[in-house]
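Heads up: the structure comes next, in structure tokens.
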Amino acid sequence: MLDRYGRTIDYMRISLTDRCNLRCIYCMPEEGIHHIPRTELLGLDEILRICSLASELGISRIKLTGGEPLVRRICVPLVRELKRLPGIRQVTLTTNGVLLKEQLPGLVEAGLDAVNISLDTLDKETFQKLTRREELDQVLMGVEAALSYHSLKVKLNCVPTFQCEEDLVKLAAFAREKPLHVRYIEMMPIGLGKEFTAKNEETVKELLEKTYGPMRPTQETLGNGPCHYYTLENFQGRIGFISALSHKFCDQCNRIRLTSTGYLKGCLQFENGADLKAKIRKGCSDEELRETIKKVIYEKPAGHNFQEKKNGKEESHIMAQIGG
């Protein structure tokens, strides 16, 4: 389906929960978190109903995210049922990797196509400072487990914050030594992320080229979203950048977002959208639900205005609550 700006919207990110087993400093506070009651989260059948109707409108690719999606034990049956829906061509997962190793066999058997693993550093002390937890070994075991499934596409996501230069360089080496892609994602000024200054793409790119040599742009399609990739000599994988601020890509945005409480959003920044859960639990028809989804897609905002912060009602939740 096309939105009012002529963009093809075929990708939906679904947050399964606001809960997480890490406390990353740019995402969740250490204490004082008021978790959403479990009864307020969308159930398996409710998610499938929304996805079935969305697929009729052109949504063909789905990303499961959180919080940390794997803390909610519906991932395996959800992936299996999503893959059975007509029109759904791809189901992927974004995870912090802590629980990945133990759940991968079921996820792969269910048909999971790809996994993105968040990993900001390989240094245990820095990992503890960033996540307030000591789970780096578990994450690395999750990465190795994912790589053992040749049918599964694997990417590492790094958000550059206060890591030292050596941290960022070492992470890139994963793409040289292993068949995966490493992506550097600019900090979004939402929730706790407002307290950090983002390292932009040029800064990280210059740093990597000092170590690994020239980076050549590639036109390969390696994912569902706006990441652009570079090749490096003797690298098995690619280095990617998602730079929503320094390289704004809203004119190419193809996604909508469903929060864990059933609110469908057209843009991460704004609260504009529709409460699908409320309609479902009031007994709405499929036709009414389909038309509501259609309206959100069509009215998707032209783009964010993080730099200006002038127009529209801005999202006020922390990242974990909106599936950022």
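Consider region 115-152 and keep the residues that are closer than 19 Å to His181 by Cα and out of contact with any helix residue (DSSP H, G or I) (no Cβ under 9 Å at 6 or more places or on another chain). The one that is least open to solvent (accessible area, probe 1.4 Å) is Asn116. Name the single residue, out of those in region 251-296 being touching a strand residue (DSSP E or B) at 6+ places or on another chain (Cβ under 6 Å) and in a helix (DSSP H, G or I), that is surrounded by the fewest Cβ atoms within 10 Å (Cβ to Cβ). By that ranking, first place goes to Thr292. Considering only region 105-161, state which residues are at pLDDT 95 or above, closer than 30 Å to Leu85 by Cα and assigned to a loop (DSSP other than H, G, I, E, B). Scanning region 105-161 gives Gly111, Leu112, Asp113, Ser148, Tyr149, Leu152.
Residues in region 144-174 that are more than 18 Å from Leu104 (Cβ to Cβ) and acidic (Asp, Glu): Glu165, Glu166, Asp167.
Residues are listed down the side, and each one gets a yes or a no for (1) of a type in the set (A, V, I, L, M, F, W, C); (2) over 17 Å from the mean Cα position of the chain (by Cα):
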| position | (1), (2) |
| --- | --- |
| Leu2 | yes, yes |
| Asp18 | no, no |
| Glu31 | no, yes |
| Gly58 | no, yes |
| Cys75 | yes, no |
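Examine region 18-29 for a residue that is touching a strand residue (DSSP E or B) at 6+ places or on another chain (Cβ under 7 Å) and either assigned to a helix (DSSP H, G or I) or touching a residue at least 40 places away in the same chain (Cβ under 8 Å) (or both), and state whether such a residue exists. Within region 18-29, none of the residues are touching a strand residue (DSSP E or B) at 6+ places or on another chain (Cβ under 7 Å) and either assigned to a helix (DSSP H, G or I) or touching a residue at least 40 places away in the same chain (Cβ under 8 Å) (or both).
Being assigned to a loop (DSSP other than H, G, I, E, B), under 22 Å from Ala278 (Cβ atoms) and in contact (Cβ under 8 Å) with a residue 60 or more places away in the chain: is that true of Leu78 here? No: the conditions fail for Leu78. Among the residues of region 13-29, those identified as open to solvent by 10 Å² or more (accessible area, probe 1.4 Å) and hydrophobic (A, V, I, L, M, F, W, C) are Cys20, Cys24, Ile25, Cys27.
Examine region 30-46 for a residue that is part of a helix (DSSP H, G or I), of a type outside the set (A, V, I, L, M), touching a residue at least 12 places away in the same chain (Cβ under 8 Å) and open to solvent by 10 Å² or more (accessible area, probe 1.4 Å), and state whether such a residue exists. Yes, the conditions are met somewhere in region 30-46.
With respect to Gly67, determine if the residue is surrounded by 15 or more Cβ atoms within 10 Å (Cβ to Cβ), part of a loop (DSSP other than H, G, I, E, B) and over 16 Å from the mean Cα position of the chain (by Cα).
no
Within region 90-104, the set of residues being assigned to a helix (DSSP H, G or I) and either touching a strand residue (DSSP E or B) at 6+ places or on another chain (Cβ under 6 Å) or open to solvent by less than 30 Å² (accessible area, probe 1.4 Å) (or both) comprises Leu100, Gln103, Leu104.
The values are calculated or read from the model by the stated rules, or taken from the named source; none is laboratory data. Note that this is a predicted model, so its numbers are computed, not measured. So basically every Cβ, Gly included, is an ideal-geometry build from the backbone, and we count neighbours across all protein chains shown. What goes into the accessible areas is simple: the full protein's heavy atoms, side chains included, and nothing from ligands, DNA or RNA. Shrake-Rupley method; radii C 1.70, N 1.55, O 1.52, S 1.80 Å.
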